[in-house]
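Comments concern the structure below.
The values are calculated or read from the model by the stated rules, or taken from the named source; none is laboratory data. Only a predicted model underlies this, so the values are computations on that prediction, with no experimental measurement involved. Positions of Cβ are generated from backbone atoms using ideal geometry, with glycine treated the same way; all protein chains shown enter the neighbour counts. Just so you know, the surface numbers come from the protein's heavy atoms only, side chains and all, with ligands and any DNA or RNA stripped out. Shrake-Rupley method; radii C 1.70, N 1.55, O 1.52, S 1.80 Å.
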Amino acid sequence: MAKKDAPPRWDSGMQQRLARGEAAALGELYDRFASLVHGLAHRVLGDEPAADALTREVFAHVWQHPDAYDPRQGPLRTWVATLTHRLAVRRLRATEAAALTDGGAGSPEELERKVRRASVAARADFIVHSLPAPLRAALELAYFQRRDYRQTAADLGVTEEEARRRLRLGLQLLATAHDTAGPGAPPPGHKGAA
């Protein structure tokens with residue numbers, strides 16, 4: 001039986017391949033995480049070209065610093081999301097601070113509120129996309145298609161009690177989006193944050 005804290009094999013193997021400079025590993029990593037990185041970047045920055053540029057920056061950073069990821073600290077997905085969030089917030093602050101300096105409307109307090117809103121939205125997106133498929137499906141039916149728990153149960157082919165359980169758990173996980181640690185941070189009380 002595997003040790004409970006052992007990192008997933010894929011994450012460790014990917015980190016080792018990147019450290020060896022395997023270009024194919026970067027391509028595989030990009031294929032797996034590009035939509036996550038771009039989505040988080042776009043959610044924070046609110047600008048497609050800026051999100052594209054940040055996506056390139058994140059993968060360049062991973063390629064240049066593969067040893068910055070420690071598989072014992074958590075999943076590679078979480079580390080990449082946290083890196084994306086950190087770089088996106090840094091860029092948002094720099095862009096907005098430059099606008100303030102150039103006489104743009106707003107204040108430092110408004111900048112921090114904007115950064116906070118963007119961070120919470122990015123974390124919520126990360127949580128939704130990280131949910132197990134049954135929880136994500138229940139939330140999508142209930143909130144995007146406006147189904148009640150009875151309709152959700154019928155659409156999913158589960159009992160009403162199971163639909164309520166999935167919705168409750170999904171909402172509890174989404175409630176952690178207000179955690180200030182960033183999109184890749186584990187829920188409160190979780191050990192081994194990345």
Out of LEU45, LEU36, LEU54, LEU40, report the one residue that is modelled with pLDDT of 95 or more and under 16 Å from the mean Cα position of the chain (by Cα). LEU54
Do we have any residue at all in region 147-156 that's outside any helix (DSSP H, G or I) and at pLDDT below 80? no
Checked TRP79, TRP63 against criteria (open to solvent by 20 Å² or more (accessible area, probe 1.4 Å) and within 15 Å of the chain's Cα centre (by Cα)); the one match is TRP79
If we keep just the residues of region 101-132 that are part of a loop (DSSP other than H, G, I, E, B) and either among the charged types (D, E, K, R) or open to solvent by 50 Å² or more (accessible area, probe 1.4 Å) (or both), which is modelled with the highest pLDDT? PRO132
If we ask which residues in region 76-100 are modelled with pLDDT under 90 and of a type in the set (Gly, Ala, Ser), their number turns out to be 4
Which one of GLY46, GLY27, GLY21 is under 28 Å from LEU111 (Cβ atoms) and among the small types (Gly, Ala, Ser)? GLY46
Could you please find all residues in region 6-41 being of a type in the set (Lys, Arg) and farther than 30 Å from ALA118 by Cα? ARG9, ARG17, ARG20
